[in-house]
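Notes to accompany the following structure.
The numbers here are math on the coordinates, done by the rules we state, and not lab data. Quick caveat: nothing in here was measured; it's all calculated off a predicted structure. Because the Cβ atoms are built from the backbone with ideal geometry, glycine has one as well, and the counts that use them run over all protein chains shown.
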Amino acid sequence: MTDGLVVIRPNNAVTPTVWGAPHAPAPLPHGGRWPAPEPTRPLGPLDSWWLLGATTLATLGALGTAVWVATHVHPDPILHTAGLFVHLAGLTLGFGGVLIADYLTALWLLGRSTLAEAMTGVNRMHLPIWLGLAILVVSGCVLEPNLSSPLTQVKMAATAILTVNGLQTTILGRRLSNHSVAPLSAPLLLWGAASGAISQICWWPAVAIGFWNAQH
């Protein structure tokens, strides 16, 4: 107040605007700690095309060795029956893993899961698929296959193609995992579709031929 006058000074303080009630911090999950982020997958021996080629040649050599053993082994009926049982167990394990992997992929294509979720599940199927395929090859050595039969030759070719296709999908899986957030390119989608188609085209005839040979 000066000489009877009242001086009103403006309040220059800025009052923050509050939009609604203040938000409380998000509650922590059970245990009081947030889960750690999924670690980045380290590079594997099959992430190089050169190493993949060398591994493919070694694997095909192992398949050739199995064929040679099958032509020189003459098991008794008990061993033949046991080998057939193990062969069916390997088929259940390997082909079952393939069907589960294809189911997880179909869920992603239908929008029922994310690509990251699908790839996590598919990667977990690699072990049973490869283990089942190895059991099929080893147990087939005591089943006395008729290598002169065209059907048996088709089955052997399908097994070799399945092996090569499975090896190259290790690089495909790495590429897909790296695109779990970014959009997939057309070549990568075609690569994945071709790999899945080759798998189905080879597995089903191999299963059918195996069933036919067991009945005749």
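If you find the alpha carbon centre of segment 86-121 and of segment 123-139, how far apart are they in angstrom?
The distance from the Cα centre of segment 86-121 to that of segment 123-139 comes to 14 Å.
Over segment 55-117, how many percent of alpha carbon pairs lie in each 5 Å bin up to the one with the longest distance?
4, 14, 11, 14, 16, 13, 11, 7, 6, 4, 1
Sorted from largest down, give the three principal axis spans of the alpha carbons of segment 161-207, whole angstrom values.
37, 17, 13
Residue by residue through segment 55-63, what is 3J(HN,Hα) from phi via Karplus (6.51 cos²θ - 1.76 cosθ + 1.60, θ = phi - 60°)? Round to whole Hz and write x for glycine and proline.
Values, residue by residue: 5, 5, 4, 5, 5, 5, x, 5, 5 Hz.
Please state the charge dipole magnitude for segment 75-216, taken about the Cα centre, from unit charges on C-beta atoms (+1 on K and R, -1 on D and E), reported in debye and rounded to the nearest 20.
Details: 5 positive and 4 negative charges, 78 e Å.
Once rounded to the nearest 20, the dipole reads 380 debye.
Taking the inverse of the average 1/r across all pairs of different Cα atoms in segment 87-165, what Kirkwood radius in Å do you get?
Kirkwood hydrodynamic radius for segment 87-165: 13.8 Å.
If I histogram all Cα-Cα distances within segment 118-216 using bins 10 Å wide from 0, what percent of pairs lands in each bin?
13, 42, 26, 14, 4, 0
If r is the Cβ-Cβ distance from GLN215 to TRP68 and R0 is 25 Å, what FRET efficiency results, to the nearest 0.05? Before the final figure, lay out the partial values.
Numbers: r = 26 Å, r/R0 = 1.05.
Efficiency for this residue pair is about 0.45.
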